[in-house]
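The values are calculated or read from the model by the stated rules, or taken from the named source; none is laboratory data. Predicted model, so just to flag it, every value in this text is computed and none were measured. Please note: Cβ atoms are built from the backbone with ideal geometry, for glycine as well, and neighbour counts cover all protein chains shown.
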Ligand SMILES: Cc1cc2nc3c(=O)[nH]c(=O)nc-3n(C[C@H](O)[C@H](O)[C@H](O)COP(=O)(O)OP(=O)(O)OC[C@H]3O[C@@H](n4cnc5c(N)ncnc54)[C@H](O)[C@@H]3O)c2cc1C
């Protein structure tokens, strides 16, 4: 956004509570690699130039990439400058931060979608003696006590961490709710290649059938490992991970597990096959069928005949619960009444219509399916900076008259 504003000669400042690439420095586990391939983890005019376009960046590489981009665009940046309040004023906004107060006509909130780990209320009933941590606190298996681990949530983070912890010798039980299954590679091409060429990543927020649902969808159950292996539930079962239903409650030291596991897995299988069919249709319609491998369908998710409805933490030897149950944004400092009952900003493709001059970026499906990816920032910033420039223009005309 800063580079787009600079291109339009709009005077601005970027306030960052930490450093460039702060979330990648402070909120990610050690072994994490991007799940978007190198060629795709790009910013405008700043792509991948190395010799492994299909590889996946490690955290140090991701930090270096963002530092490189910051060096290239050289934004007017104030680091170590947490914003503590944003308020409306007669002609714009007042932004209060550690290093001073700014008065401005427009504010772009680019504080991220993943600020606060969403831990379900049931966490309060976890028996004492069982350690609890979130994916933002998790660094590596050595940080955990020996013994069993229950990972709650099977989106990308939960599945990757379950895989890593189980391989470290700590038996993992994975509590599985609704999830989005996808293969890393399909017909010899990366899933993100298909998402890109088929246009699905560019699908717009005002064209998608059910926007509320699209915005709430969890991430693909994939990882960016060097061997490109899948981490779907079948891969985890083969590894020895114990799959159970969604953690619905805890009573007297026992987990109550939802009976919906089979249905949710069937639904995830069905949706995966629907996605692969979309790719097949795209390939056929675009003369690409011969250039890729033949179509195939992954094996349906394998489950025990009757997955358990309860689990005694002590008897199962569970010493740690790891909450991989998602995140929500933190707007505690936003004193403009634009939040809905769940604490999310009401916006139309990033334009906060109830508060002219206020914009938001980096949220799931903000303007496009790719909006919460690194790759989504460029197009969204282009659109929103155009709107912002028009707003400033209109405001200037208003003030002059
Ligand atoms: C586990 C995980 C894996 C991911 N993997 C990928 C991936 O493989 N590929 C991909 O493209 N994307 C991935 N993402 C998404 C990615 O992290 C970003 O969310 C996305 O790139 C949007 O970036 P952003 O700058 O909008 O948000 P963020 O990266 O969250 O940055 C927000 C910034 O705002 C700062 N900030 C917050 N509050 C304040 C405040 N009050 N005052 C001042 N500064 C503040 C933060 O310090 C931070 O630097 C992943 C996210 C997670 C959580």
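Could you give me the residue pairs with C-beta distances under 9 Å whose first residue belongs to segment 111-124 and is farther than 11 Å from residue 328 by Cα, whose second residue is in a loop (DSSP other than H, G, I, E, B) and more than 12 Å from the ligand (Cβ to nearest atom) wherever it lies, and which are 6+ apart or on separate chains?
Between residues of segment 111-124 that are farther than 11 Å from residue 328 by Cα and residues that are in a loop (DSSP other than H, G, I, E, B) and more than 12 Å from the ligand (Cβ to nearest atom), the close pairs are 120/325.
Quick one: count up the residues across segment 121-135 that are surrounded by fewer than 19 Cβ atoms within 10 Å (Cβ to Cβ) and within 16 Å of the ligand (Cβ to nearest atom).
1
Does residue 236 satisfy the criteria of being modelled with pLDDT of 95 or more, part of a strand (DSSP E or B) and crowded, with 18+ Cβ neighbours inside 10 Å? Walk me through it before giving the result.
On the way: modelled with pLDDT of 95 or more: yes; part of a strand (DSSP E or B): no; crowded, with 18+ Cβ neighbours inside 10 Å: yes.
Spelling it out, it is not the case that residue 236 is modelled with pLDDT of 95 or more, part of a strand (DSSP E or B) and crowded, with 18+ Cβ neighbours inside 10 Å.
Name every residue in segment 338-355 that is touching a strand residue (DSSP E or B) at 6+ places or on another chain (Cβ under 9 Å) and either closer than 27 Å to residue 91 by Cβ or surrounded by 14 or more Cβ atoms within 10 Å (Cβ to Cβ) (or both), in order of residue number.
Residues satisfying the conditions are 338, 339, 344, 345, 346, 347, 349, 350, 351, 352, 355.
Please enumerate the residues belonging to segment 136-173 that are away from the ligand (no atom under 16 Å from the Cβ) and surrounded by fewer than 18 Cβ atoms within 10 Å (Cβ to Cβ).
Hits for segment 136-173 are 142, 143, 145, 146, 147, 167, 168, 169, 171.
Any residue at all in segment 356-364 that's more than 16 Å from the ligand (Cβ to nearest atom) and over 30 Å from residue 236 (Cα atoms)?
Yes.
Suppose the filter is more than 16 Å from the ligand (Cβ to nearest atom), out of contact with any helix residue (DSSP H, G or I) (no Cβ under 8 Å at 6 or more places or on another chain) and modelled with pLDDT under 95; does residue 306 pass it? Working first, answer last.
Values: more than 16 Å from the ligand (Cβ to nearest atom): yes; out of contact with any helix residue (DSSP H, G or I) (no Cβ under 8 Å at 6 or more places or on another chain): yes; modelled with pLDDT under 95: yes.
So residue 306 passes the test.
Do you know which of the residues in segment 174-218 that are at pLDDT below 95 and in contact with a strand residue (DSSP E or B) (Cβ under 7 Å, 6 or more places away or on another chain) is surrounded by the fewest Cβ atoms within 10 Å (Cβ to Cβ)?
Here the answer is 217.
Only helices (runs of 4 or more DSSP H) wholly contained in segment 1-120 count here; list those with 1 or more residues that are away from the ligand (no atom under 14 Å from the Cβ) and not assigned by TED's automatic domain parsing to the domain that holds residue 194.
Numbers: elements: 2-7, 22-26, 59-73.
Ranges flagged: 2-7, 59-73.
Evaluate the following for residue 69: is it out of contact with any helix residue (DSSP H, G or I) (no Cβ under 7 Å at 6 or more places or on another chain) and farther than 20 Å from residue 378 by Cβ?
no
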